[in-house]
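Here's the structure we're looking at; comments come further down.
The values are calculated or read from the model by the stated rules, or taken from the named source; none is laboratory data. Computed from a predicted model, the values in this text were never measured in an experiment. Positions of Cβ are backbone-derived with ideal geometry, glycine not excepted, and every protein chain shown enters the neighbour counts. Note: areas computed on protein heavy atoms with side chains; ligands, DNA, RNA excluded. Shrake-Rupley method; radii C 1.70, N 1.55, O 1.52, S 1.80 Å.
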Amino acid sequence: QSTGSKQMRYIHMGPNCYPENELKNFKDILRYNLFHGFLMLVKALKKSENGFKTISDKSARKFAEEFLDRKWEEFRTQLNPDLMSKLQEVWNDKGVQDFAQNNDTEDFDREWQFSYVINHEGLASEDYIPSETDTIRARQRTTGQEVIDFVTKEPRARWKLVSLGGQASERRKWELPLNNSTAVIFCIALDEFDRPSEEKKSITVLDQALELISKVAEQVNAMGSKKPFFLFLNKTDLFQKKLDKLSKTFKHYDGGEDFSRAISFMKKYIFKKIEASG
């Protein structure tokens, strides 16, 4: 939901909605995404059938092996165009590209936006200032509450959007903001239809999110208050890249890689699950 709240901020508060100090924070977040994404790639290469020999170029192979010992604090201060070039040399290596295409690299690409940050030339520049796209792409887990105040023109109204962390450890903090809210917005990532949940290995992240919606609805009703629920289906760009996997997860899906039919199918599936849970 953090992506949605950032987009709300830009839509209703304009391009200068982030003060300079917050933009600097995004710079660190994006570099953190780059560090951890590359580290996950290197670890995946190490565990692969051919190990680091997957990397064709010897100097790139040596750099990747040594990267396993790097720490974030060190990387954060040392990132410069030369280091960025070495990271890109590993990523662009033919053996690594073949590995990435033939293996499931979704986790580190999705979690850390790796394919975006590894090709970001400005990220290693000392005077780099994150753009609107950069801030939206930056990945950081929401903890606690993020409050965004904005005014809409049509209708003219003042809004307060409270973004809450979705991890299990954060859900204990939901009761008070839910009780004080006038509406609830849920964001569901469509591309997680086949991704196993970390909390419940037997179900997908998508199905876990649908279970959570039902529990929150029950919680709100138990408070004796009726609130409208808005469901946003996001990550459609990533979902579109996985249409070939849809029929493997849902045996009764027969829409092939037609995006419109896939979206229609997912909407019906989601609302059927929500209705079935009461």
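Scan (1) at pLDDT 85 or above; (2) closer than 20 Å to K272 by Cβ for the single condition P228 breaks and write down its number.
(2)
Given the criterion among the charged types (D, E, K, R), part of a helix (DSSP H, G or I) and open to solvent by 10 Å² or more (accessible area, probe 1.4 Å), identify the matching residue among E49, E126, E66.
Answer to the check: E66.
If a residue counts only when it is exposed (fewer than 11 other Cβ atoms within 10 Å of the Cβ) and over 23 Å from the mean Cα position of the chain (by Cα), which strands (runs of 3 or more DSSP E) contained entirely in the stretch 154-266 have at least 1 such residues?
157-164
One line per residue, one yes/no per condition, for (1) out of contact with any Phe, Trp or Tyr (no Cβ under 6 Å at 6 or more places or on another chain); (2) at pLDDT 80 or above; (3) not aliphatic (A, V, I, L, M):
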| site | (1), (2), (3) |
| --- | --- |
| P130 | no, yes, yes |
| R141 | yes, no, yes |
| D149 | yes, no, yes |
| A157 | yes, yes, no |
| A168 | yes, no, no |
| R171 | yes, no, yes |
